[in-house]
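I have placed the structure first, in the form of structure tokens, so that the comments after it can refer back to it.
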Amino acid sequence: MEQLWRAFGSVVPVFFVIMIGVIVISYLLYRYRKRDIWRIMAGSLLVLSIIAILLVTLGVGTYNRDAEQILNVVPIVGTIEMIINDANSLKLVRNIFLNVMLFMPFGFLVRLCMPTRRMTRIQIIFIGFLLSLCIEVTQYILPTGRWADVDDVILNTLGVFLGCILCERFFYFPKCSGEIRSVNSEENRRVHKQNQ
């Protein structure tokens, strides 16, 4: 826990200030716009998830112009080198676990906010992939002292996929046939009259 605090301690106050702002805006939307509270909560958590991802991946570290910029574009090689060269297997597990876990809430919440009618699982995974890719490119361009690694993109995308699957297991999303029927359509009225 002490290592986590050393790594992310500077981000925590910023995140709490942003979190309070999102909560206030959510309350105002609920109070004055009479929006659905569950949709507002899911949207607010999604915004907080994106902010947390950006703060953890881009806000941690020192910005140093002399920092070495390392780019790994060969999949799985960095992870295999970590297995071979690093005696500390906890570091490997932590790297894999945290990269997957960081993006799971994003996949879960995007799926919750965008039901099947609006967005398919593949589209959600692609959005997560693009977010992760943008973060890695930014880490390479900015002198953050962090590595830009294709393995991170793969693991983050896996996290989005797992979050999406987890959301589908908790909530029911009907299959979409491509057409969204209105509640007031003629067919619905006819079926309703037959059932009476």
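Looking for whichever is of a type in the set (Ser, Thr, Tyr) and under 20 Å from Arg39 (Cα atoms) here; the options are Thr120, Thr79, Thr144, Thr138. Which one fits?
On inspection, the qualifying residue turns out to be Thr120.
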* To do: Sort out which residues of the stretch 159-178 are more than 22 Å from Phe129 (Cα to Cα) and either assigned to a loop (DSSP other than H, G, I, E, B) or at pLDDT 95 or above (or both), and write them in order of number.
  => Phe171, Tyr172, Phe173, Pro174, Lys175, Cys176, Ser177, Gly178
* Asked: Only one residue in Arg39, Arg35 is at pLDDT below 85, surrounded by 10 or more Cβ atoms within 10 Å (Cβ to Cβ) and closer than 17 Å to Phe106 by Cα, so which one is that?
  -> Arg39
* Structure fact -> Counting only residues in the stretch 63-85 that are of a type in the set (Asp, Glu) and more than 17 Å from Ile96 (Cα to Cα), the one modelled with the highest pLDDT is identified as Glu68
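For the condition modelled with pLDDT under 80, in contact with a helix residue (DSSP H, G or I) (Cβ under 7 Å, 6 or more places away or on another chain) and within 14 Å of Phe15 (Cβ to Cβ), what is the one hit in Val60, Val47?
After applying the criteria, what remains is Val60.
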* Structure fact -> Of the conditions (1) under 23 Å from Glu168 (Cα atoms); (2) in contact (Cβ under 8 Å) with a residue 40 or more places away in the chain, the single one that Pro75 does not satisfy is (1)
* Would you tally the residues in the stretch 106-140 being of a type in the set (A, V, I, L, M, F, W, C) and without any contact (Cβ under 8 Å) to a residue 60 or more places away in the chain? => 13
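May I ask you to verify whether Phe97 is modelled with pLDDT of 90 or more and assigned to a helix (DSSP H, G or I)?
So Phe97 fails the test.
Do we have Leu112 as modelled with pLDDT under 90, surrounded by fewer than 16 Cβ atoms within 10 Å (Cβ to Cβ) and on the phi < 0 side of the Ramachandran plot here?
Taking the combined requirement at face value, the residue does not satisfy it.
Filter the stretch 125-152 down to residues that are among the aliphatic types (A, V, I, L, M) and modelled with pLDDT of 95 or more and give me whichever is surrounded by the fewest Cβ atoms within 10 Å (Cβ to Cβ).
Initial filter on the stretch 125-152 (among the aliphatic types (A, V, I, L, M)): 125, 127, 130-131, 133, 135, 137, 141-142, 148, 150.
Those still in the list that are modelled with pLDDT of 95 or more too: 125, 127, 130-131, 133.
On the way: Ile125: 19, Ile127: 16, Leu130: 12, Leu131: 21, Leu133: 16.
For the stretch 125-152, the residue satisfying everything is Leu130.
Filter the stretch 80-113 for residues that are more than 22 Å from the chain's Cα centre (by Cα) and of a type in the set (Val, Ile, Thr) and give the result.
Residues satisfying the conditions are Ile80, Ile83, Ile84.
The values are calculated or read from the model by the stated rules, or taken from the named source; none is laboratory data. These numbers were taken from a predicted model, which means no experiment stands behind them. Note: ideal-geometry Cβ built from the backbone for every residue, glycine included; neighbour counts use all protein chains shown.
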